[in-house]
Amino acid sequence: MYKSFGAVQALKNVSFEVAPAEIHCLVGENGSGKSTFVKTVAGVHPPDSGEIILNGNSYPKVNVREAIKEGIQVIYQDLSLFPSMTVAENIATNRMIAENRRFINWKEIREIAAKQLERIGVSLDLDEAVENLSVANRQLVAICRALSLDAKLIFMDEPTTALTKTEVDRLLNIVLDLKSKGISVVFISHKLDEVMEVADLVSIFRDGEKVGDFPSSEVNEKMLVYHMTGRKVEYPRYNRTYKDDTPVLEVKNLTSNGKYEDVSFTVRKGDILGLTGLLGAGRTELALTLFGLNPQDSGKIILEGKERKFTTPYQAIKSGISLVPENRQTQGCYMNKSITDNVAAPILDRMANGGGVLNVNKMKEHAEDTVKTLRVVTAGISTELQNLSGGNQQKVVLGKWIGTNPKVLILDSPTVGVDVGSKEEIYQHIQKFAAQGTAVILISDEIPEILANCNKLIVMKKGKVVGRLESDDLNVADVRDRIHALMDSN
Amino acid sequence: MNKKKIFAVLMCLVLVAVFALTACGTPAEETPSETPAQEEPAQETPAQEEPAEEAPTAESDEQFEIVMIAKTEGLAWFDAMKRGVAEFNDDFADVNAYQHSPEGADAAKQAAMIEDYIAKGVDAICCVPNDPKALIPVVQKAKEAGIVVVIHEGEDLAGIADWDVEVFDNYEFGRVMGQKLGEAMGGKGKYAANVGGLTMQTHMQWWQGGTDYIKENFPDIELVNEQPYEDQDDAAIAYDICKEILRAHPDLNGFLGCTVESGSSMCRLLKETNNKNVKVSCLAVPSALGEYIKEGWCANGQGNSPIDAGYATVMCAYKVLKGETIEEGSTVDLGKPGMDNCNVKDGVIKGDATIIFTPENVDQYDF
Amino acid sequence: MKSNAIKKFFSKTEGYILLIVIVYCIIVAAVNPNFMTPGNFLDLIRSSSWYWILGFGVLLVLLSGGIDVSYTAIAICSGYVSACVIQRTGIENLAFAFFIAILIGLWFGAINGFLIHYFRLPTLIATLGTKTIFIGIMAALVGVEAINTDHLPAVFKDFGLAKLFTVPTETGAEYGLSVFFIPLVILGILTWFILYRTQIGRSVVALGNSEVSAERAGYNLFKTRMFIYMYVGALAAVAGVIAISDVAWIAPLSSTMIRGTELTIIAALIIGGVKLTGGEGTVFASIIGLLLVRLFETTLIFLGLTSSWQNFFTGLVFVASLSVTSLQRARKRRRMLLFEE
């Protein structure tokens, strides 16, 4: 199959086959053509040439309706649900449309929904609005919706990014169950994923071409990264070399009711403290407290020997604490503003002349500096952020906060949605910055990321600290298993 | 698919037919009065399809352009006044007179419109002000530009404009309204009163006259509202106010309406609820109240002819343009019944053109 | 179980607005006992019927995530043209009056729907434009001269006077339930039926929830949009005919009848609990929201207040109602540590 958009060849000679009752993983970096491929099969984009064979029927190109009729269903990353509608209606709507119904029979809708939920062995309140569900449950609703249309092949785009470990396990069980019923599932991902544990085959895409199919048992992280990037990627390992051991930030018995309790730790200059745990462990909430967005109920925050309590981010930034938030798109930056505006945003007072008038040249200089030091790939500093790749966006966000010259820099999941190549670069920057004497707190649930960057680690579970690892502990061979054991411990 | 197309085409045809019907029907049918026969250079209202009678403009050397700016476009009263202006235009060969009003009774829009006509350089501006005091500066400006300004129903502008033309003595007009109401109520009970707005001078004079008369002559009649209700000359507001008056005062016996809108709204409500306890004495136009006068819902409807008022006002402007002197303390003939022997005093030209509409005579008026 | 349902009801916006309505009625009745009469409420239904009918249409637009400000212009145009046609043809038939009006309403609505779908115009901008276009078409093709009571076709006047039943009062006046109640109930039920029992109605809600999701689900959004705006047009036309019959008079340009109520009605619906950003709202919410605003509008004389107070009250409740819901939501989100929309 071939497909091009203008001058960009998005798919080159791709052949791909899914057998019935097969779980297939489709892996590749951002821009490798995975999404285009799925959209072509689902009938959203017609291919330039090639052939699509569904259930033995050959199509030069399919349209959405034909694809649905042949049992192709795509669950997009945003799930495409209707937030204020009920679970039942969300599940049954697509089928009602496909059947060209004119009138609505609520009893039938509930029956369809109940049947599909039963099929995957989940019980949800049929009358609850979808907006009140957790992400994991929304995903189940989307799966049920796909099933209600007699799906034979379900594509799932990055299904696990927003799920906790238990939720992922439940999803995998459901997928295995679907497989036993003869339904095939294709996962789309850009990283080594839990889903590969259950996959039969892993197909790797690079630059619009399929690199190859591998049985999942043969796939390991190194080879996956190698095939995805076309080169060997070794993450740099961080070692603290800074001499000054006076603590920058001390946290003592910090508690936020219902979020986390009794957390204590110390960060020195040049430290990279890892903070890990599953979603809901309280790590992000802890970071928000340090940044003034979730005031503590008890406990102390001591910054350079002085006790502080932050109730707004402004106070935190003024005192030298910066936070790179988890969600880049909505919290980390202004997507429709230029690089210049973005990096200048937190330090506008430094960018101003007397009287509060902004010095545009100074802003541009600062932006040029940031782009240069962080090696942001961009046409220029006036490019809007939404036109940059995920990795480059993240570099800008990082630069934006590094620009505030923080004493403590908190990074919440800094490489989500960033491809492997860019990850490596971002790690280099973080480590360089720490080596210059900044205290860094790195929140992440990717163990390799923690191991590459941190010289100290705190593991949290359900709001409590369940483990502390010093740099010596982090260098032992079975550290991974230890961390996993801590995270899943009871 | 095909059926749908045919249906769509059919709908289009019907729609065209509807508009054609309404548009062509306008002048020919039972509303001959609606045909304005004058040239309307700056007219915003729709052009009528009936070819307008060519005003005798071309042959005359001395051509006076007179514009009448009424309170608002789209009210029956001022539509009738427009006909009076048009009639004058037809009667005098050396005059190009037309009426053009703002959309919505708004003093600011009116002032802006006068500015436009000053800029255009007309010979005379006649105006029925929404708020006389608000027009003082712009009227002065017109005078400085050498334009003749004649005001109708706005005594506050007397002395500033060339003349103010009043069709009757406002206070006396109000007293008549009050007298008729008191008589209809049998000398006792409660009544409410309404004006267009507290800033509308003529309305307030009528109201003053009416309430004074009742106070002096009918001691057993009680006024329920010390300050009159205001309807902004707007039928929708008047309707709501009247409705509320009736609901809040179920024991009401009389209503003094200084606007046509309030009078007709009140009669409509009385008719709707079959309420014969409330007597209405109000300013009237036959097109709005004729039916109610005949059916007895309106005990007394009084007014004047907007056609004649428009005619007389433009006539006054014409006389000034012609150089005819109008002297203080004398009388002047503005060419219409009740306006043929007007008193001139303090910049005001006052006629006596009150019409009392009765079930017998109401049909003969065409406005 | 039952008390639970009641509690749930009153925790919703509709619920507490209903409470406000009741409390307000008690206050007005305390100040002026004349307020609590059957005649009064019958009259409120009569004079508010066209507000409610317009409200049903607006509900659909708001549900779909749009804002329409042209529907009042449609109401005036279709009602006025219908009156003119009957006046000039002499076909004194109520069904014909509604037919003409609805025809024009549908057409104007179709123009809105078409513009909004094909040119991807923001609904507010599109309807701001078409609002004046509609008035312009009417002015150019039909005229704008007022039709006073004497010239208004009898069919309108009779329709306005017809009642289902009457209640005499001690003063001899008769109040009654206007026939306007019939179209009101029919259209209320129809709107409810469309929204909850038809696929097209669900597509309206779906569109308001998420346009992308609706498109992916396979809804034909062109059909949906055309339906929404044509339905609004038709309802506006019915409301126009009723409003003219109510006051037995029409001045399409100079009167504030219908004109200028577009934002009041939208505000009333939002007060009732319809979400401005789309996707949420019920027929009951629109009825109760409009009821409250209409109460403010029609009880001032009972309270002995001037009309500025009506604006004050409406504004107050509007801001308070929005602030309370928004604050609740923000608090909840803050508690969940969610900072994005």
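Read-outs: derived from the displayed coordinates by stated rules, not from any lab. Remember, predicted model here, so these are calculated numbers, not experimental data. For neighbour counting, all protein chains shown are included, and Cβ atoms are generated from backbone atoms with ideal geometry for every residue, glycine included.
By the gyration tensor of its Cα atoms, with a ≥ b ≥ c the square roots of the eigenvalues, what is the shape of segment B:170-303: rounded for a/c under 1.5, prolate for a/b over b/c, or oblate?
Rounded.
At a 10 Å Cβ-Cβ cut-off, how would you order B:His100, C:His117, fewest neighbours first?
Details: B:His100 20, C:His117 17.
The fewest-first ordering by Cβ neighbours comes to C:His117, B:His100.
Convert each backbone phi in segment C:74-84 into a coupling constant with the Karplus relation 6.51 cos²θ - 1.76 cosθ + 1.60 (shift: θ = phi - 60°), then list the ³J(HN,Hα) values in order as whole Hz, x for Gly and Pro.
Those phi angles translate into 4, 4, 5, 4, 5, x, 5, 4, 4, 4, 5 Hz.
Of the cross-linked pairs A:Lys222/A:Lys400; A:Lys34/A:Lys423; A:Lys432/A:Lys461; B:Lys109/B:Lys141; A:Lys318/A:Lys372, which ones have a Cα-Cα span greater than 24 Å in the structure shown? Please list the in-between numbers first.
Details: A:Lys222/A:Lys400 32 Å; A:Lys34/A:Lys423 20 Å; A:Lys432/A:Lys461 30 Å; B:Lys109/B:Lys141 16 Å; A:Lys318/A:Lys372 26 Å.
Check vs 24 Å cut-off fails for A:Lys222/A:Lys400; A:Lys432/A:Lys461; A:Lys318/A:Lys372.
What residues from segment C:287-318 fall in the zone where the backbone N is under 19 Å from a label point 7 Å along the Cα-to-C-beta line of C:Met36?
C:295-296, C:299-304
Under a point spin-label approximation (7 Å from Cα along Cα-to-Cβ), what is the A:Ser298-B:Leu198 distance to one decimal in nm?
6.4
Could you name the aspartates and glutamates in cross-link range of B:Lys322, using Cα to Cα under 14 Å and dropping any fewer than eight places away on the same chain?
In chain and number order, the partners are B:Asp61, B:Glu62, B:Glu65, B:Asp94, B:Asp123, B:Asp162.
Could you work out, residue by residue across C:134-145, how many beta carbons of other chains sit within 10 Å of that residue's beta carbon, and then give the average as an integer?
Details: counts 0, 1, 1, 1, 3, 6, 5, 7, 8, 9, 7, 12.
What the average comes to for C:134-145 is 5.
Report the full-extension gain for the segment A:His484 to A:Val357: residue separation times 0.36 nm, less the Cα-Cα distance, to one decimal in nm.
Numbers: separation 127, 0.36 × 127 = 45.72 nm, distance 5.22 nm.
So the extension gain works out to 40.5 nm.
Using a Förster distance of 51 angstrom, determine the FRET efficiency expected from the C-beta separation of A:Leu348 and A:Thr166, and round it to 0.05.
That gives a FRET efficiency of 0.75.
Restricting to DSSP H runs of at least four residues, report the calculated mean residue ellipticity at 222 nm for chain A, -39500 (n - 2.57) per run over all residues, nearest 500 deg cm²/dmol.
-10000 deg cm²/dmol, from helical runs alone.
Can you check what the net charge comes to around A:Asp244, using other residues whose Cβ is under 13 Å from the Cβ of A:Asp244 (Lys, Arg +1; Asp, Glu -1)?
Around A:Asp244, the surrounding residues sum to +2.
DSSP loop (so not H, G, I, E, B), at most 15 other Cβ within 10 Å: list which GluC sites (Glu not before Pro) in segment C:171-231 pass both filters.
In loop regions of segment C:171-231 (DSSP not H, G, I, E or B), there are no sparsely surrounded GluC sites (Glu not before Pro).
What is the average number of partner chain Cβ atoms found within 10 Å of a Cβ in A:79-89?
For peptide A:79-89, the averaged partner shielding equals 5.
Once label points are set 7 Å from the Cα along Cα→Cβ at both A:Arg231 and B:Ile356, what is their separation, rounded to one decimal in nm?
Spacing of the two 7 Å Cα→Cβ label points: 10.7 nm.
What's the magnitude of the charge dipole for segment B:302-367 around its Cα centre, counting Lys and Arg as +1 and Asp and Glu as -1 at the beta-carbon? Answer in Debye, nearest 20.
The dipole magnitude comes to about 220 debye.
To the nearest 0.05, how large is the calculated FRET efficiency for A:Glu51 and C:Glu215 if R₀ is 35 Å and r is the Cβ-Cβ distance?
0.80
Filter the chymotrypsin sites (Phe, Trp or Tyr not before Pro) in segment A:313-403 down to the DSSP loop ones having no more than 13 other Cβ atoms within 10 Å, then list what survives.
For chymotrypsin sites (Phe, Trp or Tyr not before Pro) across segment A:313-403 that sit outside H, G, I, E and B with at most 13 neighbouring Cβ atoms in 10 Å, the list reads A:Tyr334.
On full extension of the chain, what length is gained from B:Asp220 through B:Asp90, given 0.36 nm per residue of separation minus the C-alpha to C-alpha distance? Before the final figure, lay out the partial values.
Details: separation 130, 0.36 × 130 = 46.80 nm, distance 5.21 nm.
My answer for the length gained is 41.6 nm.
Mean 1/r over all different Cα pairs, inverted: what Kirkwood radius does segment A:247-488 give, in Å?
18.4
Just check chain C against the gyration tensor rule for me: Cα atoms, a ≥ b ≥ c as the square roots of the eigenvalues, rounded for a/c under 1.5, and otherwise prolate or oblate depending on whether a/b exceeds b/c.
Since a/c reaches 1.5 but b/c is at least a/b, the shape of chain C is classed as oblate.
Take the residue pairs A:Lys309/A:Lys362; B:Lys71/B:Lys143; B:Lys215/B:Lys279; B:Lys82/B:Lys276; A:Lys309/A:Lys407 and return only those whose Cα atoms are more than 28 Å apart.
On the way: A:Lys309/A:Lys362 33 Å; B:Lys71/B:Lys143 20 Å; B:Lys215/B:Lys279 17 Å; B:Lys82/B:Lys276 36 Å; A:Lys309/A:Lys407 16 Å.
Over 28 Å apart, Cα to Cα: A:Lys309/A:Lys362; B:Lys82/B:Lys276.
Points 7 angstrom from Cα along the Cβ direction at C:Phe165 and B:Val14: gap in nanometres?
Here the answer is 3.6 nm between the modelled labels.
Calculate the translational D of the protein assembly as shown in whole µm² s⁻¹ from Stokes-Einstein, where the hydrodynamic radius comes from the Kirkwood formula applied to all Cα pairs, the temperature is 4 °C and the viscosity 1.567 mPa s.
It diffuses with D of about 36 µm²/s by this estimate.
With springs only between Cα atoms under 10 Å, which of C:Val167, C:Val238, C:Val317 fluctuates most in a Gaussian network model of chain C?
Of the options given, C:Val167 has the highest mean-square fluctuation.
Which of the peptides A:249-256, C:229-236, C:60-67 is most tightly packed, and how do the rest follow, going by the mean number of other Cβ atoms within 10 Å of each residue?
Ranking the peptides A:249-256, C:229-236, C:60-67 by packing returns C:229-236, C:60-67, A:249-256.
Round to the nearest 0.05 the FRET efficiency obtained for C:Ser326 and C:Phe193 when R0 = 35 Å and r is the Cβ-Cβ distance. Intermediate values should be presented prior to the final figure.
Numbers: r = 32 Å, r/R0 = 0.90.
FRET efficiency, C:Ser326 to C:Phe193: 0.65.
Going by average Cβ density within 10 Å per residue, which order do the peptides C:239-251, C:83-95, A:343-355 take, highest to lowest?
Details: C:239-251: 28.6, C:83-95: 18.2, A:343-355: 14.9.
So the order, starting with the most tightly packed, is C:239-251, C:83-95, A:343-355.
In which sequence would B:Met177, A:Met156, A:Met487 go, from the one with the fewest C-beta neighbours within 10 Å to the one with the most? Please list the in-between numbers first.
Numbers: B:Met177 30, A:Met156 25, A:Met487 19.
In order of increasing Cβ crowding within 10 Å: A:Met487, A:Met156, B:Met177.
Inside 10 Å of the C-beta atoms of C:194-202, what's the mean count of C-beta atoms belonging to other chains?
4
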